[in-house]
1. Cut-off is 10 Å between beta-carbons; in what order do I139, I123 appear when sorted fewest neighbours first?
2. Taking H as built 1.01 Å from N, whose amide H comes closer than 5 Å to the amide H of L150, not counting residues under 5 places away?
Amino acid sequence: MVNNKGDKSRIKAQAKLLKITIPGRLEEIDTVKNSFADFASQVEIDNSVSRKIKMAFDELLNNTISYGYKDDNEHFIEVGVELLEGRLRITIEDDAIPFNPLSKETPNTSLGMEDREIGGLGIHLVRKMMDEVTYKRGIDKNLITLIKYLDD
């Protein structure tokens, strides 16, 4: 399926699997979040879990698109969501510069805003909202995997 813009975005949804390929452009983040919202509704994911995952998409995709590409070439990001027994597994794969967001130090949230280092809070929130977060660098690819356990 191609989105209404007629570009190269591809969305494939099956009963318990959602796969999306988007161009690495900020305006495409909404394509991912809206597709996930539809998927979450179909498989009856709780709204509070759905909101957390959409926030994680917003943070991680925004960082990749804003800071990961050092050229003017078109890049694509692959997003996968799989409903497994009792959990969601989310993957984000891109060809941006190597960057492990988990290598950043956890920000000191006990400090006032004016005393904190800039950056890192979004990744910190993703770590707090998800049950597992891993990063792996493959051949010219970054792969972030998020696991969110579903309450019965």
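1. With the sparsest Cβ surroundings first, the list reads I139, I123.
2. The list, which skips near neighbours in sequence, is R87, L88.
All of the numbers you see were taken from the coordinates with simple rules; none came from a lab. Computed from a predicted model, the values in this text were never measured in an experiment. No Cβ is skipped: glycine too gets one built from the backbone with ideal geometry, and neighbour counts run over all protein chains shown.
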